[in-house]
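Quick note: the coordinates plus some simple rules give every number you see, no bench work behind them. None of these values were measured; they are calculated from a predicted model. Cβ sites come from the backbone with ideal geometry, for glycine too, and all protein chains shown count toward neighbours.
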Amino acid sequence: MSDKKCVLAYSGGLDTTTIVVWLRERGYEVHAVLIDVGQEEDLPALCEKALQLGAKTAEIRDARPAMCQHVLPWVIGLGATYEGTYHLGTALARPFIAAEQVRLAKQLGGATLVHGATGKGNDQIRFEFAYRSLAPECEVLAPWKVWDIGGRSDMIAYLRKHGIEGDYALTKDFSLDENLWHLSVEGGPLEDPSATVRIEEVLKGVNDRFAGGVNGSHGELTATITFEQGVPVAYNGERLSLLELVATLNHEYRSAPWAWDLVIENRFTGVKSRGLYINPAAKLLHVAIDALARTSLNKPTYDQYVELGKQYGAMLYRGEFFSDQRVMLQAAATAAMQHLSGDVTVHLEPVPYAATINADAAIFSKNVATFEKSDFSHQDAAGFIRLTWMTSIGKPFAEETHGGTLETGGKPASGVRKAKSVPGGRLVPAAV
């Protein structure tokens, strides 16, 4: 048995296929681990392929339950994104792939941890941050940073040199990544932001990854989501596990015209990228949870809730899942999400929007918001305005910044009324 044991995050694609052969050539005992994060592929067949390539072991490990327990509730409950448009599909899966690699490495008594991410993107950071957090004693090997293989054609030539043939094309229109939360499409015509992208052609190019194809059903025109403390628990009245609910929404609406986002994003490495992200469950659930939050949280709390979503999304994007800040953010998020229970019906055409909201902890009051006669005292607003504006009373009116002077000679009149004597008795009136 070789002393050079390694655990490879194996996907079965061209990159990790080449890496298996490359590692074997360098004397490594390769243990390929294929993590099920919701990609709809023939995983047993891919494991068999790894064994045929020379891996000593190849196994499937299911990370979907862990994802649904440890990250998706907060991604959904906070409506978390990166830069407002990227729904974190790839980012939320990588920590769980790395964790299973580490688990296997420790079962083997120690091993080198290997990933197939390049030096351009975010995934290398996500993998290696996780490795350093969970197993700092393990060596890390990233072949793309040390080998002399330059690209796709070099990999195909390398495999053929070693007598391995496959149905690999010298050029590939798109690079795909799929998990239970999204399908990402990158590369090809998407790489030139100055060129017109025909979305329908891109969708047809990845047609085989769609349930029912792009010409299949778009699902129902309305979807009612039931939330309990920020987590969706039922779809159209049927209670489902989080995994079942997300999968159902993705399958039903993957071909819907609103299900995708064309995003230019700022990678953590500084490299810009553009991708087409197909994420119907994320878009629908984020619309619903935001409507519930707007209905149930007061203004300061809602502002903090939105900020938490931004911070949580950025933290995941940077690969900092195994960190103190993730624990702190989730604790704060849980406090806000405890108010987010109820039913939201989302209409899906022309784009998803919250049509009806029945929130258990609703602050929204029809009796207060109505334009008709209500119990609201309009006179109370006068004092609110005076007190809110007090810090600006008496500020000089600068001609150079405001473009003119006031008729009062540049001194704004005070709106603060003179104090009146306080009647005897209580300073605070007794409750009615």
Principal axis dimensions, the range 343-383 - Cα atoms, whole angstrom, descending: 42, 24, 19
Cut-off 10 angstrom, C-alpha nodes, Gaussian network model of the chain. Which of Ile289, Ile385, Ile60 fluctuates the most? Ile385
Computed curve, the range 76-230, Cα-only Debye sum without solvent term, log₁₀ I(q)/I(0) at 0.10, 0.12, 0.13 Å⁻¹, is -0.55, -0.79, -0.91
Percent antiparallel among DSSP beta bridges confined to the range 5-161, nearest 5, equals 5 percent
Along each principal axis, Cα extent of the range 293-333, largest first, Å: 32, 17, 12
Using packing as a proxy for protection, rank 132-139, 304-311 so that the peptide with the highest average count of other Cβ atoms within 10 Å comes first. 304-311, 132-139
Over the range 269-400, what per residue volume does the convex hull of the Cα atoms give, in whole Å³? 270 Å³
Could you check the spin-label model distance between His162 and Asp3? Points 7 Å from the Cα along Cα→Cβ, value in nm. 2.3 nm
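Please work out the FRET efficiency for the pair Ile264 and Asp154, using the Cβ-Cβ distance as r and a Förster radius of 22 Å; give the result to the nearest 0.05.
0.20
Can you give the Rg/Rh ratio of the range 98-142, where Rg is from the C-alpha atoms and Rh is the Kirkwood radius?
Details: Rg = 10.0 Å, Rh = 10.5 Å.
In the range 98-142, Rg relative to Rh is 0.95.
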Semi-axis lengths (Å, descending) of the ellipsoid that matches the C-alpha gyration tensor of the range 5-161: 26, 18, 16
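Would you mind calculating the gained length between Glu137 and Lys204 on full extension (0.36 nm times residue separation, minus the Cα-Cα distance), in nm to one decimal? Mind dumping the intermediate values first?
Values: separation 67, 0.36 × 67 = 24.12 nm, distance 4.56 nm.
Value of the extension gain: 19.6 nm.
Over the range 273-360, what is the mean sequence separation of C-alpha contacts under 8 Å (at least six apart), divided by residue count, expressed as relative contact order in percent? Display every interim value, and only then the final one.
Details: 76 pairs, mean separation 32.3, N = 88.
Relative contact order for the range 273-360 comes out at 37 percent.
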Most mobile of Val197, Val231, Val146 in a GNM of the chain (Cα contacts under 10 Å): Val146
Kirkwood Rh, Cα atoms: Rg over Rh of the range 179-326: 0.99
For the chain, Kirkwood radius (reciprocal of mean inverse C-alpha pair distance, Å): 25.2 Å
For the range 293-348 and the range 26-80, what is the centre-to-centre distance using only Cα atoms, to the nearest Å? 28 Å
